[in-house]
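*Asks:* Provided herewith is a single structure, encoded as structure tokens, for subsequent inquiry.
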Amino acid sequence: MTGTVPFIRPAPDESLIRIGQPVSAVTFDALGGLANWLHGKGAMLVPGVCPERTVVKTTPEVFRFRAKTRSSAIQRVWALQVRGTVAGASVRIRAPATTGTWSPYYVATDSLLARPRLVYIEDLPIRSATEKELSIEVESSVQNVTVEAISCYEQDRPSLAADTDDRGIDRFTLGSGQPMFELAYDSVSAIYNSMNAADARRVGILHWTMGDGAWTRVTASSQNLFQLAVPVLARKLARSATTGSVKWSAYCKTTGGTASIKATSSHSGVNDTLSFTNTTYAWSTARSFTIDGEDITAADGRKAASWDELQFALTGPGGANTASVKSISVWDDS
Amino acid sequence: MSSSPLGGRLLTGVSLDGLTPIGSGYVRDSLLNNLTHYADEYAQVRVAAGFAASGITGSQGYLTPPTIASGVARADDYYRVAEFGPFPITVTQRTASNTTRNSAYRMRVRIAGTSSDNVHSVTFRAFLSPPSDAATTVYVDDDHVFQASTTSSTVGWLTGQSMGLDASTTTIVIPERLIGLWATNTATLAELAGNPASVQQVLVNLNVWASSTNTATVPHLHAVYAAEYCGL
């Protein structure tokens, strides 16, 4: 029997657990439900970004992101906001880029019109928890369109399998009167196994993309990317933790020489520099970076009531060479 | 605020096997504590939209309400600037005074915007709603609506607050009465390449609409941030 995933996060009652007293089946069942919820609730892979990118008619545009996915996901849901210039026009979208199945959508032109939601469902071929590129492709046949927003999340699971990818717990085995076993996906030990294998990351932290355009730089001096550095906050893990570690990577190239991208955290001043020399576009090897961790005693979770913000600066290779960056991704890999 | 007893993960080094007895202390401090803490911190970043400088992208570097920009808007009416989503907001049970209720995770919100003429005031509203309800929800004064105004043309994060009793300067939250109203069923699969199934979700957009006191003054949206927080 598969592990049912609750729609609403369960709240096991701590007051029912008394030191020296037996723990009731009600508590174990709630814990089992919470464990299933942690594995079945989908994570946000690409928090909403605004490419503000014009897709020229008949020229498909690919938007790339990078993250470490979770093993329980079987579908990704892409949501786009696209604005056209001619009423009644349409686009087609597919994910992943070049290999996904095209799906057509109507686009609107004006803010007052009922804006159709462009939602694309990407069925995954396998379940995996690996770092990978996430891509989506947009094509318009008769007019230029503007991609105003893109986001992507793992679809929630209604139930989980009893295997190492899903860690589904059969809650029937936690019920009152049921014997207690040492099994991987049944009974009390399954709660421990699920907790031990929990992948409860807030996966997507921050992304930026220009689609098939590129942020370019020739001079060997730095140029900031964002008009304003973007807020970031890692999840808190250990009880004493005040910071969190994330990974970041860039889809970039240079025509020659060495270029670099520097990531800087506003709160701590911590920075990390990625240097690249590749002459064809590729994702750089992911690098670790420390940002503020959530303060779970604060009303809004911010550490010291301040916003930690991330800025990127590109330094060109200098001379006659050009550095180009199409995408930058930051994600929780811990 | 934390819902876990210890406010952080506790690694005990104790594993459950057929030979190791466990007591209620282990259940509370390891199983309950860690699972609830993981769930607290499973709050997702929903929007992190920073705009590059216009010289980088070749685009204007901000979004505007097309209706206001085209000069056909009415002063002080709200018009759509951007929509992010939909996404399934995280909903949890909370128990207080022996009453269990369903509520959504809070959401940290931040908006960066400017007034095109540096004279007249523009107002931005960032709010959560089902995609089809944006045009009506924007006019609701409640805690799932965040409002910030400016007369400045200098790019910067705006100071604002939620429009309900919370009056929070950094967060919004969907009122409990709307959770059931907005819950919907979404088609999916039971397993990989499997049979059809459905999940219940509260699917919402993070919408940003704007108004202007002067029909010739255009609101410019320069950045948006929205991230869930378990908070109580």
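*Asks:* Listed residues B:R94, B:R101; which is over 19 Å from A:E148 (Cα atoms), open to solvent by 10 Å² or more (accessible area, probe 1.4 Å) and more than 9 Å from chain A (Cβ to nearest Cβ)?
*Replies:* Exactly one residue qualifies, and that residue is B:R101.
*Asks:* Only one of A:E154, A:E122, A:E137, A:E148 is modelled with pLDDT under 95 and crowded, with 17+ Cβ neighbours inside 10 Å; which?
*Replies:* That would be A:E148, the only listed residue that is modelled with pLDDT under 95 and crowded, with 17+ Cβ neighbours inside 10 Å.
*Asks:* Follow-up question, since we're still on this one. Checking A:D163 against (1) modelled with pLDDT of 90 or more; (2) surrounded by fewer than 18 Cβ atoms within 10 Å (Cβ to Cβ); (3) closer than 24 Å to B:L19 by Cβ, which single condition isn't satisfied?
*Replies:* Result: A:D163 passes all but (3).
*Asks:* What are the residue pairs meeting all of these: first residue in segment B:154-175, first residue within 15 Å of A:A299 (Cα to Cα), second residue charged (D, E, K, R) and open to solvent by less than 10 Å² (accessible area, probe 1.4 Å), Cβ atoms under 6 Å, and 6 or more apart or on different chains?
*Replies:* Note: pairs meeting the criteria are B:T170/B:R108; B:T171/B:R108.
*Asks:* Can you name the residue in segment A:284-308 that is of a type in the set (D, E) and out of contact with any Asp or Glu (no Cβ under 8 Å at 6 or more places or on another chain) and is also surrounded by the fewest Cβ atoms within 10 Å (Cβ to Cβ) among such residues?
*Replies:* Once the filter is applied, the top-ranked residue is A:D295.
*Asks:* Another one. Out of the residues in segment A:266-296 that are touching a residue at least 24 places away in the same chain (Cβ under 8 Å) and over 23 Å from the mean Cα position of the chain (by Cα), state the one that is nearest to A:A234 (Cα to Cα).
*Replies:* Of the residues in segment A:266-296, the ones touching a residue at least 24 places away in the same chain (Cβ under 8 Å) are A:266-268, A:272, A:274, A:276, A:278-296.
Now restrict to residues that are over 23 Å from the mean Cα position of the chain (by Cα): A:268, A:276, A:278-280.
Values: A:S268: 14, A:F276: 26, A:N278: 30, A:T279: 33, A:T280: 32 Å.
If we take residues in segment A:266-296 being touching a residue at least 24 places away in the same chain (Cβ under 8 Å) and over 23 Å from the mean Cα position of the chain (by Cα), then A:S268 is nearest to A:A234 (Cα to Cα).
*Asks:* I've got another one for you. Before we move on, is A:A299 of a type outside the set (S, T, N, Q), over 21 Å from the mean Cα position of the chain (by Cα) and under 14 Å from A:L225 (Cα atoms)?
*Replies:* Numbers: of a type outside the set (S, T, N, Q): yes; over 21 Å from the mean Cα position of the chain (by Cα): yes; under 14 Å from A:L225 (Cα atoms): no.
Criteria not met by A:A299.
*Asks:* Which of the residues that make up segment A:166-187 are open to solvent by 60 Å² or more (accessible area, probe 1.4 Å) and not aromatic (F, W, Y)?
*Replies:* A:R171, A:S176, A:G177, A:Q178, A:P179, A:M180, A:E182, A:L183
*Asks:* Mind counting the residues in segment A:228-248 that are touching a Leu at 6+ places or on another chain (Cβ under 9 Å) and either part of a loop (DSSP other than H, G, I, E, B) or surrounded by 22 or more Cβ atoms within 10 Å (Cβ to Cβ) (or both)?
*Replies:* We begin by selecting, within segment A:228-248, every residue touching a Leu at 6+ places or on another chain (Cβ under 9 Å); these are A:229-232, A:238-239, A:244, A:246, A:248.
Imposing the further condition that a residue be either part of a loop (DSSP other than H, G, I, E, B) or surrounded by 22 or more Cβ atoms within 10 Å (Cβ to Cβ) (or both) reduces the set to A:229-232, A:239, A:244, A:246, A:248.
Number satisfying all stated conditions: 8.
*Asks:* Considering only residues that are open to solvent by less than 30 Å² (accessible area, probe 1.4 Å), under 24 Å from the mean Cα position of the chain (by Cα) and either without any contact (Cβ under 8 Å) to a residue 60 or more places away in the chain or more than 7 Å from chain A (Cβ to nearest Cβ) (or both), which ones fall in segment B:43-72?
*Replies:* If the condition is that a residue be open to solvent by less than 30 Å² (accessible area, probe 1.4 Å), under 24 Å from the mean Cα position of the chain (by Cα) and either without any contact (Cβ under 8 Å) to a residue 60 or more places away in the chain or more than 7 Å from chain A (Cβ to nearest Cβ) (or both), then B:A52, B:T64, B:P66 are the ones that fit.
*Asks:* Here's another thing I want to ask about it. Filtering segment A:196-216 down to residues that are of a type in the set (A, V, I, L, M) and more than 7 Å from chain B (Cβ to nearest Cβ), which residue is farthest from A:R53 (Cα to Cα)? Break it down stepwise before answering.
*Replies:* So the first thing to find is which residues in segment A:196-216 are of a type in the set (A, V, I, L, M), and the list is A:197-198, A:200, A:203, A:205-206, A:210, A:214.
Filter again for more than 7 Å from chain B (Cβ to nearest Cβ), leaving A:197, A:203, A:214.
Numbers: A:A197: 39, A:V203: 24, A:A214: 11 Å.
Looking at the filtered set, the residue picked out is A:A197.
*Asks:* Could you tell me whether B:L11 is open to solvent by 50 Å² or more (accessible area, probe 1.4 Å) and more than 7 Å from chain A (Cβ to nearest Cβ)?
*Replies:* Yes: the conditions hold for B:L11.
*Asks:* Within segment A:33-78, which strands (runs of 3 or more DSSP E) (wholly inside it) include 2 or more residues that are open to solvent by 10 Å² or more (accessible area, probe 1.4 Å)?
*Replies:* Values: elements: A:44-49, A:53-55, A:61-68.
Correct list: A:53-55, A:61-68.
*Asks:* Any idea how many residues of segment B:117-154 are more than 23 Å from B:N205 (Cβ to Cβ) and either in contact with a helix residue (DSSP H, G or I) (Cβ under 9 Å, 6 or more places away or on another chain) or hydrophobic (A, V, I, L, M, F, W, C) (or both)?
*Replies:* So the answer is 1.
*Asks:* Can you work out which of the residues in segment B:220-232 that are more than 12 Å from the chain's Cα centre (by Cα) and at pLDDT below 95 is farthest from the other protein chains (Cβ to nearest Cβ)? So that I can check it myself, show each step before the final result.
*Replies:* Initially, segment B:220-232 is screened for residues more than 12 Å from the chain's Cα centre (by Cα), giving B:220-223, B:231-232.
With the extra rule that they be at pLDDT below 95, the set shrinks to B:231-232.
On the way: B:G231: 6, B:L232: 9 Å.
It comes out as B:L232.
*Asks:* Separate question: Do you know which of the residues in segment A:12-70 that are among the basic types (K, R) and more than 8 Å from chain B (Cβ to nearest Cβ) is farthest from A:S128 (Cα to Cα)?
*Replies:* To start, the set of residues in segment A:12-70 that are among the basic types (K, R) comprises A:18, A:41, A:53, A:57, A:64, A:66, A:68, A:70.
Within this subset, residues satisfying the condition of being more than 8 Å from chain B (Cβ to nearest Cβ) are A:57, A:64, A:66, A:68, A:70.
Values: A:K57: 35, A:R64: 19, A:R66: 14, A:K68: 9, A:R70: 6 Å.
For segment A:12-70, the residue satisfying everything is A:K57.
*Asks:* Also, I was wondering about something else. Scanning for something part of a loop (DSSP other than H, G, I, E, B), crowded, with 18+ Cβ neighbours inside 10 Å and over 15 Å from the mean Cα position of the chain (by Cα), does segment B:165-187 turn up at least one residue?
*Replies:* no
The values are calculated or read from the model by the stated rules, or taken from the named source; none is laboratory data. These numbers come from a predicted model, not from an experiment. Using ideal geometry, Cβ is built from the backbone for each residue, glycine included, and neighbour counts are taken over all protein chains shown. With ligands, DNA and RNA removed, areas are computed over all heavy atoms of the protein, side chains included. Shrake-Rupley method; radii C 1.70, N 1.55, O 1.52, S 1.80 Å.
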